[in-house]
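What follows is a single structure, written as structure tokens, with notes after it.
The values are calculated or read from the model by the stated rules, or taken from the named source; none is laboratory data. Being a predicted model, the structure only gives us computed values, none of them experimental. Backbone-built Cβ (ideal geometry, glycine too); neighbour counts: all protein chains shown. For accessibility, only protein heavy atoms count, side chains too; no ligands or nucleic acids. Shrake-Rupley method; radii C 1.70, N 1.55, O 1.52, S 1.80 Å.
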Amino acid sequence: MAGTEVDVADEVGPLPEVAEASPQRVKPAFGVLNLPGHRHKAPGADQPTSDTASNIFRMAVKDGSEFIDEANFTDLFELTLTAIKTDRGMSGTQKLMHTTAKELFRMADKDGSGFIDEAEFVRLHAIMVEEAQKQIERQMEAKQIAIDERKQNKFFKKIICLFFLLLIVQSGVNGGLTAGIVNLAKDTVIDGSGYLYVKGSNQIVMTASAEMTIDDSSGRMTTKSGHAVQVGESVSSQALDSRLPDTVWEKLKYIEFSSTSGGYMHLTVQATVRKPRYKTALFNSVVIMYSAIGWVELDGPIVTFHESMAGAFSEAGFQVVEKENRRRLNGPFQLIGLFNSIPEFEHWSAEYDAGPPQMPLTFHAQFDYMYGCQWGDENLCVEFGVPLLHSEEINGMNYATVPAMAWSDHATGRARIRLYDMPNLPGWEYDQVTSQLFGSSFKDVAQTWTATGERYWCRTEESSSLRFDAGFDPINWVASYLGTTTAVTDQNGQAAAHFRARHRTSEHVTIDFYTTIPPEDGSNSTQVIPLRIVSRLFGGTDADGNPLPERMVGVHFNNFTAMASVDDDVFSWGLTTNWTNYTACATTLALTNRGPENGRKYALSPEAAPARFSPTSKIHGEGSVFSQFYMSPDSSELHHRLTAEPTLTGAQLANTSSADFDFSLVEAAALASGRLSQTAYDEHHARPPPSPPKSPPASPSPQKPSPQPPMPPRPPRPP
């Protein structure tokens, strides 16, 4: 290092002896030593020779002098080191580079004159070359050692991989040998059918029991002690549903039921039958399981019991199907209420919100009652002379239609139905309104002659036809969502959602609901609007025990408007006081009302004198469409007098006499129009004549008829 005394002989070894140069001295003739940068390497040699050192010295002494001073020696020293490094291409001069030029100069300047000659420089150059060569040899040796170690590592890795591969091969060979030995040792084989054979033959393997024997003569299996062997049967439980595949019914042997009253029933199934019922079943077919004491019918999850042994099911607490058809769900309020009372629908589309679909309960609607004309082999529309104007064909079936309107206010529990333009009863309207005095279990009823606005046959009846619940128990009904159908419910070809409902313990009624498809905007997504409701009434027997044919009754909605509330005037009949037969029919009470019927308080007023007109003129709602002529209002004197003179009032009718009423003309007109058949005419006249009517009572003073709710025009009929 600069400023430090270093004995170079200790670092690079003793200086070799060289010939002493001439004592001639060289004066310093330059301040900067400019040497060429090319390499100085003796031809055919691996290191600089003394000639190379002499050449370097002469290049540094350009003035011909044979000496170089300490100042110019520094540049010469750097030139020498550069020549050695360039010639060897390595860093073998590391130790010399840490020795200063001054230290080397003093070592070479033995006489201390401050100058060195060529001989002294050659000696110094030899020392530097020798040291560089040693350093190069040491680096080459270290490099060779590293190369040898890498070769050894690669060799050992190859040895390890070879051993691992040999291990895998050995494992495979051992496994194959083991499988071969086991297979050679087997004396049985299994064929494709699963049978176990003796190897090399067609003989089935036989087994013997050490605990049991089979008697050759009787074939019985016994234990060693001679007792018969007992076996148990393996069975599994399965919830019953008609949608189960037929493979399940093939294996069905027993069915078990428990009733809510504690009864229990275990039946051996003798036969199982699947019957297609596309029009009435929830899922297009039913499954019937027959036993010795009766049969059980499945429609989806619905179970109905039929007894062939009296009391076998019913006495155990199971409700059997009704012998007669008592379920008549004709009113739109009942049908809508039934739809809303069903807690869930099978297969209801998951794309809508959770929960069953619902219909609005506060609304105004215009609709048609529909009664199927075909009843077994009979065409009721022809038999009872339904006019063509009130006959309609829908989906290949003919219906008699009765136009109607309905109002409903669910918050107040009030409803109203009005029939108008009824078959064979032109000019009449028939209203039913929730009773003002007795509530939803009763209804106020009257029929109105539209030409004068006077009401006749005012009464209050006990009835649930205007109630939504109608006594329905939701657990007794189940429904299925049958998807969508197109152009079955309205004239615009609108797609409709199709639902079907069945009673759990009755096989006599199936109800099909066709509604709008709920919107997908998230608001009221489960609310549907009714388009058509069809009730199929089937099964049951008549009074003589004969089976009754199927009947079709329905409601077709022409317009349905959901409302927040309904005006009170719709339910008031235009009266300022409570409804009674006296307040509602004051001008006609003596003509048509005989007072309380059957001792009940329905009339809600003192008995009037005997009626001027017989009860035959009383309209019984939509049920009058298929009524026998002689029992219908269109055969009554009241109807024909008003038809002949539409403006007759109750007071004027009271002054007329039945003596000038020629009923034979009415019969002749009915025969000519087809309303009355010749057979019915002959049967009627073969009976004894009826008693003559009593004298009419005095007529009360006429009163101005009460106003009615406005009657909108009838909507156009769908094609």
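For Tyr264 and Leu244, the difference between the fully extended length at 0.36 nm per residue and the C-alpha to C-alpha distance is 4.8 nm.
Between Ser658 and Asp569, the modelled labels are 4.0 nm apart [label points 7 Å from Cα along Cα→Cβ]. Sorted largest first by accessible area at a 1.4 angstrom probe radius, with every protein chain in place, the residues Ser201, Ser627, Ser632 fall in the order Ser201, Ser627, Ser632. Ordered by 1.4 Å accessible area with all protein chains kept, Arg150, Arg551, Arg500 run largest first as Arg150, Arg551, Arg500. Charged neighbours of Ile204, selected by a Cβ distance under 15 Å, balance to -1 (K, R count +1; D, E count -1).
Under 5 Å between amide hydrogens, built in the peptide plane, is the criterion, and for Trp348 it picks out Tyr481 among residues at least 5 positions away or on other chains. Take the Cβ atoms of Glu256 and Asn559, set R0 to 41 Å, and the FRET efficiency comes out at 0.20. Here the 3J(HN,Hα) profile of segment 438-453, calculated from phi with Karplus coefficients 6.51, -1.76 and 1.60 at θ = phi - 60°, is 10, x, 6, 7, 10, 9, 8, 10, 7, 10, 10, 7, 5, 5, 10, x Hz, Gly and Pro shown as x.
Computed from backbone phi, the HN-Hα couplings of segment 567-583 come to 4, 4, 4, 5, 9, 9, 6, x, 8, 9, 10, 5, 6, 9, 5, 7, 6 Hz, rounded to whole numbers (Karplus: 6.51 cos²θ - 1.76 cosθ + 1.60, θ = phi - 60°; Gly and Pro given as x). Starting from the Cα gyration tensor of segment 351-457, take the square roots of the eigenvalues, sort them a ≥ b ≥ c, and report rounded, prolate or oblate (rounded when a/c is under 1.5, otherwise prolate if a/b is larger than b/c, else oblate). Oblate, because a/c is 1.5 or more while a/b does not exceed b/c.
When the chymotrypsin sites (Phe, Trp or Tyr not before Pro) in segment 262-298 are filtered for DSSP coil states and for at most 13 other beta-carbon atoms within 10 Å of their beta-carbon, the remaining sites are Tyr278. Treating r as the C-beta distance of Ser113 and Phe155 and R0 as 56 Å, the FRET efficiency rounds to 0.35. Taking 7 Å steps out from each Cα toward its Cβ at Leu166 and Leu389 produces label points 11.3 nm apart.
The residues neighbouring Val248, those whose beta-carbon lies less than 13 Å from its own, together hold a net charge of +1 under the Lys/Arg +1, Asp/Glu -1 convention.
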